[in-house]
Amino acid sequence: MIIVSDPIVVASPSDARAAFPLLAHDPGLHYLDNAATSQLCAAALDALVRHETTCRANVLRGTHRLAEAADAAYREARAAVARFLGGVSADEIVFTSGATASLNLLAHSLGATLAEGDEVLVSVAEHHSNLVPWFMLRERRGIVLRVLPVTAGGRIDLARLPQAMGPRLRLIALTHCSNVTGAVTALAPLVAAAKAAGALVALDGAQAVQHGPVDVRALGVDFYAFSGHKCFGPNGVGVLWGRREVLERMPPFLGGGGMVDRVELTGASWAAPPRRFEAGTPPIAQAVGLGAALDWMTELPWAAIRAREARLTRRLIDGLEPLPGVRILGPRDDAARAPIVSFDVEGVHPHDLVQVLDERDVAVRGGHHCARPLMAALGVEACTRASLALYNDEADVDALIEALAHALRLLR
Ligand code: PLP
């Protein structure tokens with residue numbers, strides 16, 4: 001079956017809901033776990049189905065009709081990602097299986113150009129995906145990992161930047177937006193400091209991309225990593241964008257078909273980026289679906305959507321704060337934040353809370369959110385997180401607050 005959806009104008013959350021088949025089929029669901037996975041938009045689902053039913057073939061190796069159609073679709077997907085990232089070159093887009101794979105690729109390939117004693121700067125606010133690959137690089141190559149702390153308000157503490165930057169700083173690798181607190185990293189001072197020190201800047205954009213296109217050149221960074229499933233696209237696909245000059249200096253991470261220029265029994269030479277970094281058969285239909293999701297997103301009225309997300313975040317924080325025993329973790333102000341709000345409830349385990357909320361059709365996430373150092377800095381083992389996307393509305397926020405008040409009566 002080929003699903004053909006009409007183009008949908010997202011003027012309101014209910015319009016947006018209609019553009020998401022799962023939400024359209026489950027009107028009672030208050031889905032507030034978008035930081036874990038956003039729902040798949042119809043544009044991406046249609047593109048996936050269309051691709052698999054009309055031009056499924058391997059890419060970058062065949063010459064028959066289907067292979068050429070698949071090549072064209074894959075090429076177009078790369079171009080769509082390049083447009084979403086502010087009109088960068090499509091040759092700078094590497095498809096991976098997700099943000100985690102992108103960051104591991106970076107740690108391996110850029111890491112191979114670093115020497116013992118070279119420094120990489122991360123922060124306490126990182127997801128494990130932007131910590132553990134650097135721990136592993138430290139083991140392999142003896143790099144020095146420096147760590148920026150967070151403020152009491154849960155933001156990366158830029159006042160500590162001068163002390164955190166050592167004489168051999170080569171890379172600053174930070175989250176663009178915290179998956180726990182929603183804090184958006186203030187990039188201008190970081191990028192300026194990195195440039196002055198001759199260091200590169202890599203951003204983990206996993207949580208930022210859901211909230212609109214990102215102009216990576218305007219941000220002044222060198223790498224940008226994200227996952228398809230967190231920006232209304234399929235899972236199993238992600239992106240590492242890198243500035244061409246830097247990608248060209250990096251050796252491959254994985255070896256295999258597609259990433260070589262020449263292979264003899266004595267050795268091999270590498271294809272140019274991005275193919276150098278895409279060994280084996282890539283996630284083809286997923287990339288096509290991601291391209292469609294990003295093209296769909298690019299056309300949306302982001303100023304209005306962001307204003308609505310900010311209003312809902314304020315409504316959520318205002319609703320949570322008066323509840324007994326509830327403590328919001330991270331910034332409570334409206335400045336530079338994504339619509340992600342995590343909170344601790346004194347005496348109640350987040351998993352119990354999530355279960356009671358689920359009984360009221362409210363889907364949120366409880367746990368350490370793969371950010372244990374941040375949890376420790378915030379003084380909790382685990383917490384509950386509500387994360388909003390463009391299809392959420394007042395009813396979703398109010399349902400969460402009401403269900404939470406009910407849960408507190410039940411569990412405390
Ligand atoms: N970085 C951040 C900030 C995240 O929130 C996540 C996932 O939650 C990741 C990286 C890893 O993404 P994935 O599991 O899609 O590779």
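Compared with the direct C-alpha span, the chain from ALA310 to ARG75 gains 81.1 nm at full extension, assuming 0.36 nm per residue. Normalise the Cα radius of gyration of the range 210-287 by 2.2 N^0.38 Å (N = residues in it) and let me know the number. Dividing the Cα radius of gyration by 2.2 N^0.38 Å gives 1.28. If a spin label sat at a point 7 angstrom from the Cα of ARG168 along the line to its beta carbon, the backbone N atoms of the range 99-115 nearer than 20 Å would be those of 107-115. In summary, no helical segment of the chain meets the span-like criteria, namely a full DSSP H run, a Cα extent along the axis of 27 angstrom or more and a mean Kyte-Doolittle hydropathy of at least 1.0. Working from label points 7 Å from Cα in the Cα-to-Cβ sense, the ALA159 to ALA188 distance is 2.0 nm.
How many percent of all Cα-Cα pairs in the range 49-298 sit more than 29 Å apart? Counting every Cα pair in the range 49-298, those more than 29 Å apart make up 29 percent.
Here the average projected area of the convex hull drawn through the C-alpha atoms of the range 114-223 stands at 6.6 nm². Between TRP302 and ASP361, the simple spin-label model (points 7 angstrom out along Cα→Cβ) gives 3.3 nm. Any chance you could check the Cα centroid distance between the range 260-296 and the range 320-388 for me, in angstrom? If we compute the Cα centre of each part, the gap is 38 Å.
Over all pairs of different C-alpha atoms in the range 161-237, the reciprocal of the mean inverse distance, the Kirkwood hydrodynamic radius, equals 13.3 Å. Charged side chains reduced to their Cβ positions (Lys and Arg at +1, Asp and Glu at -1) give the chain a dipole of some 1040 debye around its Cα centre. Using a simple spin-label model with pseudo-atoms 7 Å out from Cα toward Cβ, LEU66 and ASP261 lie 3.3 nm apart.
Dividing the summed helix terms, -39500 (n - 2.57) for each DSSP H run of n ≥ 4, by the number of residues in the chain produces a 222 nm estimate of -11500 deg cm²/dmol to the nearest 500. If you sort VAL147, VAL184, VAL356 by accessible surface, 1.4 Å probe, largest first, the order is VAL147, VAL184, VAL356. The GLU248 and ARG56 beta-carbon pair, evaluated with R₀ = 25 Å, returns a calculated FRET efficiency of approximately 0.20.
The values are calculated or read from the model by the stated rules, or taken from the named source; none is laboratory data. Keep in mind it's a predicted model, so treat the numbers as computed, not measured. Because the Cβ atoms are built from the backbone with ideal geometry, glycine has one as well, and the counts that use them run over all protein chains shown. In case anyone asks, the SASA skips ligands and DNA or RNA and just uses the protein heavy atoms, side chains included. Shrake-Rupley method; radii C 1.70, N 1.55, O 1.52, S 1.80 Å.
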